[in-house]
Amino acid sequence: MVEIVGLISGGKDSIYNLIECVRNGHKIVALANLKPPKTNSSEELDSFMYQTVGNNLIEIIAKECLELPLYQIEINGTAISRETDSYNEELEVNSKDEVEDLHNLLKQVKQNHPNVKGVSCGAILSTYQRIRVENCCSRLNLTSYSYLWNRNQDELLREMIDCKIEAIIIKVASMGLIAEKHLLKSITQLYPTLYSLNQKFGVHICGEGGEYESIVIDCPLYKKRINIDQYQTIIHSDDAFSQVAYASISKYSTTEKSAQQIIQDSIYLNSNYLNRNLNNLKNFNENLLIPTLISTFINEQQTDPNLNNFLESNLNIEYSLNLIKNKNFFSLSSTTTKINNNSDDDDDDDDDDDDYNIGELLDKTLLNILNILKENSLSMDQLLYVNLYISDMKDFSIVNQYYYKYFKNNPASRACIEIPLSKNDKTKFLIDCIGAIEKKSNLHVQSISNWAPACIGPYSQANLYNGFTFLAGQISMIPNNLDLIKYSKDLTFINTNNNNNNNNNNNNNINNQLEIEIQQILLNTYNLIDCLNINFSNVIQSTIFVSSEIDSTMFENIINYLKQFFIDNNNNNDDDDDDDNSSGISLIQIFKIPKLPKNSNIEILFTLYKEPEFIQNDLTYDNIDQHKDIKNNNTNSMKLEINDSSRIILKISNSNSFIHSQFNNLKSDFKFEDYINELFLEIQSILNQTRKSIIYIKFYYLISFDINKLIELLSSLKSIDNNNSNNNNNIQEIGQQYLKLSSFIPILDSIDHNQLSCEIFIN
């Protein structure tokens with residue numbers, strides 16, 4: 001239970017979000033409102049943030065209807081910062097922006113109610129409003145609760161009506177809405193009209209485009225009902241196309257509700273009334289076909305005998321800070337700050353290693369990254385994705401505290417997992433990242449909602465650039481409380497077609513829990529990418545991490561499950577001549593690691609690609625060639641010619657952007673040296689065909705594998721330049737370049753127990 005202050009305008013959205021807060025077990029302890037200044041001659045204040053029409057009813061709503069303390073201050077600022085996707089308080093705090101009025105108001109509430117931890121916000125679609133509320137909350141160590149965010153507006157309005165929200169229209173500002181006909185009509189009465197206008201003209205049915213404003217005169221939270229006794233219609237703008245008018249309420253009264261009415265109303269405040277989670281999952285199941293995870297026999301968990309040897313090994317890997325960039329992307333391969341890295345005292349007892357502060361070590365590394373970016377005229381804001389690997393998930397909290405210092409605005413998407421790192425190597429974390437040369441966009445929703453898990457931490461749900469969408473690592477959090485989902489027979493969207501009745505109950509429980517986590521991940525991802533106007537057919541790479549609790553015998557089943565999901569839900573374009581849906585299936589790789597955040601069993605990292613849309617008028621002589629390059633370079637991967645005589649297998653993503661390969665010398669007589677040489681010969685061939693370059697190389701290696709041997713082989717790689725006729729100079733030393741591009745990530749296991757898995761991103 002969280003103590004919450006409710007931001008209210010008196011309108012349906014702010015009041016209904018209070019109800020949602022109560023349904024989710026929180027306690028509303030105070031209300032806050034920004035009112036127009038006394039010097040303003042009109043109730044209507046053209047604010048980008050706040051509804052002011054009907055503000056004279058706020059006091060009666062707070063004190064009589066809700067019986068809660070009210071905090072109000074006047075709106076003194078104006079909309080100085082009008083960026084729709086960002087608000088930087090460091091630039092605006094002294095500029096008298098109207099958002100700073102909200103910050104001052106919440107600061108006052110917090111001083112009087114020190115236990116308040118959350119702010120109720122009724123934003124549905126306005127990114128402008130949501131990010132400014134989130135900004136103020138972040139600065140005051142509060143959390144925004146916006147349960148209406150990104151809801152289907154038609155569904156939401158009908159839900160409000162069903163839940164006895166009696167809201168009347170007090171302002172009209174849209175084609176089809178007329179003052180003399182529609183002012184003071186309830187949303188129940190106007191629903192048919194609003195629905196019709198939505199279908200004909202795209203009018204936002206909840207008024208999110210400013211089409212209308214409302215005031216709630218009764219709802220299940222109210223102890224008294226408000227009566228409008230007298231009002232005057234004020235024509236604000238008498239445009240022939242769209243009249244703007246509002247009702248100035250001059251006289252009102254209240255009617256006490258009976259005890260029986262209050263008891264009846266309480267039904268609508270019950271958390272089970274709407275069965276929110278099941279409803280969402282049911283709707284999701286109707287929109288997408290969900291396969292069944294086939295159970296297999298699971299062996300008893302055993303500790304890998306190689307693990308202790310690896311943790312005590314001396315790898316002596318040099319994690320130098322290497323920045324690589326081309327015209328579109330830049331990357332930083334895995335780097336770290338080792339314990340006692342600068343110490344010359346070899347006599348220090350090993351027990352002193354326990355005195356390290358991983359946060360301080362991370363701080364040094366991030367500062368080094370910041371500096372190298374500055375030296376190359378780049379910034380942390382340009383980072384698209386950060387992979388943060390730590391040796392102990394217990395350090396997650398302190399890592400976040402230091403990480404936050406560098407990622408306050410427009411942060412990169414992120415995955416943070418625990419990997420086995422050698423104790424003697426003095427390495428407690430690794431970090432690698434990829435960034436955008438030009439301006440990126442991102443999705444960073446910090447509000448708790450029913451939509452998708454909030455990113456309250458210093459990372460975004462998604463970063464978008466050059467057609468690519470990089471999603472943060474997805475675990476099975478329930479959006480409205482950020483708890484991990486737990487299997488229950490009541491979760492009716494679970495398929496019950498599983499015919500493997502020979503498994504014991506324990507195995508079934510593990511499989512059911514794993515399946516429910518995968519489905520929650522897919523639901524959350526569906527909601528995320530849907531608002532970005534992309535879908536699962538755009539997924540080009542899926543990297544799956546499972547915890548050590550999951551037996552490796554399940555790997556193939558998990559991959560097949562995801563493949564079937566992609567096949568069933570692959571919405572191919574009408575102009576796609578390829579009848580084989582499988583050609584568009586994402587590349588999938590799976591790795592076992594010690595632990596994941598929140599002790600989840602599975603985390604999935606999705607990368608998506610959708611060809612950028614170019615408006616013909618925007619194509620100039622400067623960028624027309626670039627546009628052609630994009631269209632030519634992102635053709636179907638099946639068109640690439642791969643050397644049939646090669647002994648290695650390469651899997652290439654549908655956008656020709658990701659390349660996967662695996663090595664396992666236990667399954668063939670193929671020597672590792674030959675594998676590495678042939679791998680990079682094939683890679684060079686692909687680069688020549690696609691006219692792309694390598695952005696990063698990532699090697700996932702089993703802890704039993706000799707990673708030092710790989711590093712040695714890479715450093716000695718050479719390439720023949722066939723275009724150079726001088727026999728003395730036609731050998732290029734490219735090994736060091738490959739090393740600079742490479743990250744080395746230890747894992748516990750992979751599909752088929754492959755000793756080495758290689759992921760390469762080209763562009």
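The values are calculated or read from the model by the stated rules, or taken from the named source; none is laboratory data. Values in this document were obtained by computation on a predicted structure and should not be read as measured data. Note that we place each Cβ from the backbone using ideal geometry, even for glycine, and neighbour counts take in every protein chain shown. Each accessible area value is taken on the protein alone, full model and side chains, heavy atoms only, with ligands, DNA and RNA left out. Shrake-Rupley method; radii C 1.70, N 1.55, O 1.52, S 1.80 Å.
Observations on the model:
- Taken over the stretch 411-439, the criterion of being surrounded by fewer than 20 Cβ atoms within 10 Å (Cβ to Cβ) and under 17 Å from residue 472 (Cβ atoms) is satisfied by no residue.
- Search result, residues across the stretch 81-116 that are among the aliphatic types (A, V, I, L, M), surrounded by 14 or more Cβ atoms within 10 Å (Cβ to Cβ) and at pLDDT below 90: 99
- Residue list for the stretch 227-247, restricted to those being within 26 Å of residue 60 (Cα to Cα) and of a type in the set (Phe, Trp, Tyr): 231, 246
- Complete set of residues in the stretch 459-491 that are open to solvent by 20 Å² or more (accessible area, probe 1.4 Å) and part of a strand (DSSP E or B): 464, 477, 484
- Within the stretch 31-51, considering residues that are surrounded by fewer than 20 Cβ atoms within 10 Å (Cβ to Cβ) and over 14 Å from residue 78 (Cα atoms), the one modelled with the lowest pLDDT: 41
Condition check ((1) farther than 26 Å from residue 29 by Cα; (2) of a type in the set (D, E, K, R)) across all residues:
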{"site": "121", "(1), (2)": "no, no"}
{"site": "144", "(1), (2)": "no, no"}
{"site": "166", "(1), (2)": "no, yes"}
{"site": "178", "(1), (2)": "yes, no"}
{"site": "182", "(1), (2)": "yes, no"}
{"site": "186", "(1), (2)": "yes, no"}
{"site": "193", "(1), (2)": "yes, no"}
{"site": "197", "(1), (2)": "yes, no"}
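- Among the residues of the stretch 165-196, those identified as outside any strand (DSSP E or B), open to solvent by less than 30 Å² (accessible area, probe 1.4 Å) and closer than 21 Å to residue 17 by Cβ are 165, 187, 190, 194.
- Any chance residue 405 is open to solvent by 30 Å² or more (accessible area, probe 1.4 Å), charged (D, E, K, R) and within 21 Å of residue 137 (Cβ to Cβ): yes
- Residue within the stretch 385-407 that is among the β-branched types (Val, Ile, Thr), in a strand (DSSP E or B) and more than 21 Å from residue 748 (Cα to Cα) present: yes
- Of all the numbered requirements in (1) closer than 30 Å to residue 553 by Cβ; (2) modelled with pLDDT of 90 or more, residue 657 misses one, and that requirement is (1).
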